[in-house]
Amino acid sequence: MNIHEYQGKDILRKFGVAVPKGIVAFSPDEAKQAAIQLFEEQNSPVVVIKAQIHAGGRGKAGGVKLAKSPEEAFDIAQQMLGITLVTHQTGPEGKEVRRLLVEEGMNIDKEFYVGITLDRSTSQNVLMVSTEGGMEIEKVAEETPEKLLKIQVNPLYGLQAFQARQAAFFLELEGEQFKNAVKFITALYNAYTSIDAAIAEINPLVVTKEGRVLALDAKINFDSNALFRHKDFLELRDISEEDPFEVEASKSNLNYVRLDGNVGCMVNGAGLAMGTMDMIQLAGGRPANFLDVGGGASPQTVEEGFKIILSDKNVKAILVNIFGGIVRCDRVAGGIIEAAKKVDLHLPVIVRLEGTNASIAQKMLDESGLNLIAAKGLHDAARKVHEALDPAS
């Protein structure tokens with residue numbers, strides 16, 4: 001689960017992570033009042049107005065601007081609220097700006113990158129620091145890997161003091177800046193583990209000319225499997241930032257991710273879903289979604305899955321690929337038939353069922369009288385997907 005920058009900074013502040021003073025605003029008047037308060041409290045000639053959307057690259061898209069007076073903050077907020085901001089992470093459709101963060105200006109001396117996430121290859125958390133702040137860390141890792149340091153952190157011991165110092169040395173900091181960086185990194189790691197985050201990314205981490213070390217930006221992503229331990233974090237969710245199809249799918253406990261293809265997928269199991277998407281691509285189509293209905297694949301989940309897939313106007317055909325292990329194929333076929341009778345299936349639906357009672361399931365589909373096309377194996381399913389997309393082939 002993603003949250004906004006200002007929400008992430010509020011959480012980090014509670015763990016002693018240094019962040020600039022900032023106030024969220026939902027209207028131009030609130031932005032003006034926030035600017036007045038910051039000018040009175042902070043020794044800074046400017047405030048920063050930041051669009052709050054779940055995407056990076058806001059600065060280049062015009063979503064971060066400086067204001068030298070409360071009146072200018074009002075004008076900027078008036079221009080920014082309600083616009084659709086398009087960045088390299090939003091896609092061409094962009095995201096509407098509904099809230100702003102008004103923040104104190106910084107006397108920046110240097111910019112760095114600090115991030116913490118799980119390294120699945122080692123089953124350990126990894127602390128990453130780079131001298132290239134404000135840039136895409138993936139690009140830095142690919143083009144100039146020598147500017148990125150990765151420190152593996154054993155979960156049994158946690159981040160050690162020497163590791164935090166190692167990171168600060170890599171950034172070539174000295175004196176007060178070095179001490180503050182060590183303190184910052186230690187507090188950030190403590191926050192990361194305490195809130196069960198999937199990622200904590202500070203880009204950029206800034207060092208001011210006065211020696212302060214602060215998170216100029218903050219990206220916090222929670223591990224959804226641990227949210228039962230942090231139910232108060234659920235209040236931070238902003239569903240207006242999420243795809244409406246994905247929001248609807250989450251209500252039925254479906255794992256759904258919308259893509260830009262033309263073949264809808266309904267599969268049980270994440271690995272099988274990935275393989276199915278590859279198969280669709282090889283058949284000449286493009287997957288319109290990732291949809292894992294889980295091991296049960298009950299009639300209710302299948303029905304909801306069909307509804308969500310059919311809501312996407314780009315879908316021209318649907319492929320159902322189920323392996324009957326936990327649940328028998330004939331039960332899955334019964335669920336598909338029952339759901340198909342309730343949903344207007346105006347598109348060709350290719351169904352590949354493999355596993356226990358697969359032959360019985362195929363017979364049920366053949367005799368259903370519905371627009372369901374049974375497939376035997378992956379190659380046959382791929383061929384029938386191609387035929388459905390191009391009937392003349």
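The values are calculated or read from the model by the stated rules, or taken from the named source; none is laboratory data. Note that the structure is predicted; figures quoted are calculated from it, not measured. Cβ coordinates were reconstructed from backbone atoms using ideal geometry, including for glycine residues, and neighbour counts include every protein chain displayed.
Can you pull out every residue in segment 322-334 that is buried (at least 22 other Cβ atoms within 10 Å of the Cβ) and either within 16 Å of Asn371 (Cα to Cα) or outside the structural domain of Leu259 (by TED's automatic domain parsing) (or both)?
Here is the first cut: in segment 322-334, the ones buried (at least 22 other Cβ atoms within 10 Å of the Cβ) are 322, 329, 332-333.
Residue satisfying the conditions is Ala333 alone.
Any residue at all in segment 199-206 that is closer than 15 Å to Leu118 by Cβ, assigned by TED's automatic domain parsing to the domain that holds Ala164, touching a helix residue (DSSP H, G or I) at 6+ places or on another chain (Cβ under 9 Å) and crowded, with 21+ Cβ neighbours inside 10 Å?
Residues of segment 199-206 closer than 15 Å to Leu118 by Cβ: 199-201.
In the following step, the residues that additionally are assigned by TED's automatic domain parsing to the domain that holds Ala164 were identified as 199-201.
Imposing the further condition that a residue be touching a helix residue (DSSP H, G or I) at 6+ places or on another chain (Cβ under 9 Å) reduces the set to 199-201.
Subset that is crowded, with 21+ Cβ neighbours inside 10 Å: 200-201.
So far as segment 199-206 goes, yes, one or more of its residues are closer than 15 Å to Leu118 by Cβ, assigned by TED's automatic domain parsing to the domain that holds Ala164, touching a helix residue (DSSP H, G or I) at 6+ places or on another chain (Cβ under 9 Å) and crowded, with 21+ Cβ neighbours inside 10 Å.
From Asp29, Asp10, which residue is over 25 Å from the mean Cα position of the chain (by Cα), assigned to a helix (DSSP H, G or I) and among the charged types (D, E, K, R)? Step through it out loud before you land on a result.
On the way: Asp10 fails: over 25 Å from the mean Cα position of the chain (by Cα).
After ruling out the rest, the residue left standing is Asp29.
Given (1) within 30 Å of Asn314 (Cβ to Cβ); (2) in contact (Cβ under 8 Å) with a residue 40 or more places away in the chain, identify the lone condition not met by Lys209.
Among (1) within 30 Å of Asn314 (Cβ to Cβ); (2) in contact (Cβ under 8 Å) with a residue 40 or more places away in the chain, the lone unmet condition for Lys209 is (1).
For (1) part of a strand (DSSP E or B); (2) among the aromatic types (Phe, Trp, Tyr); (3) free of Cβ contacts under 8 Å to residues at least 12 places away in the same chain, each residue gets a yes or a no:
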{"position": "Asp217", "(1), (2), (3)": "no, no, no"}
{"position": "Ile220", "(1), (2), (3)": "yes, no, no"}
{"position": "Ala226", "(1), (2), (3)": "no, no, no"}
{"position": "Val247", "(1), (2), (3)": "no, no, yes"}
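So which of Gly284, Gly369, Gly377 is within 31 Å of the chain's Cα centre (by Cα) and over 23 Å from Asn255 (Cβ atoms)?
Values: Gly369 fails: within 31 Å of the chain's Cα centre (by Cα); Gly377 fails: within 31 Å of the chain's Cα centre (by Cα).
It is Gly284.
Restricting attention to segment 293-312, which residues are outside any helix (DSSP H, G or I) and either modelled with pLDDT of 70 or more or not assigned by TED's automatic domain parsing to the domain that holds Cys265 (or both)? Break it down into steps so the answer makes sense when it comes.
Taking segment 293-312 first, the residues outside any helix (DSSP H, G or I) are 293-298, 312.
The answer is Val293, Gly294, Asp312.
Please state which one of Leu173, Leu188, Leu156, Leu149 is more than 15 Å from Lys110 (Cα to Cα) and either outside the structural domain of Leu205 (by TED's automatic domain parsing) or buried (at least 20 other Cβ atoms within 10 Å of the Cβ) (or both).
The match here is Leu188.
Among what's in segment 17-66 and is closer than 26 Å to Asp243 by Cβ and of a type in the set (D, E, K, R), pick the residue that is surrounded by the most Cβ atoms within 10 Å (Cβ to Cβ).
The qualifying residue surrounded by the most Cβ atoms within 10 Å (Cβ to Cβ) is Lys50.
For every residue, the table says whether it meets (1) outside any helix (DSSP H, G or I); (2) at pLDDT 95 or above.
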position: Glu146; (1), (2): no, no
position: Leu149; (1), (2): yes, yes
position: Gln152; (1), (2): yes, yes
position: Leu159; (1), (2): yes, yes
position: Ala164; (1), (2): no, yes
position: Ala168; (1), (2): no, yes
position: Glu176; (1), (2): no, no
position: Val182; (1), (2): no, yes
position: Leu188; (1), (2): no, yes
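Among the residues of segment 32-64, what is the count of those that are over 25 Å from the mean Cα position of the chain (by Cα) and basic (Lys, Arg)?
The number of residues fulfilling the criteria is 1.
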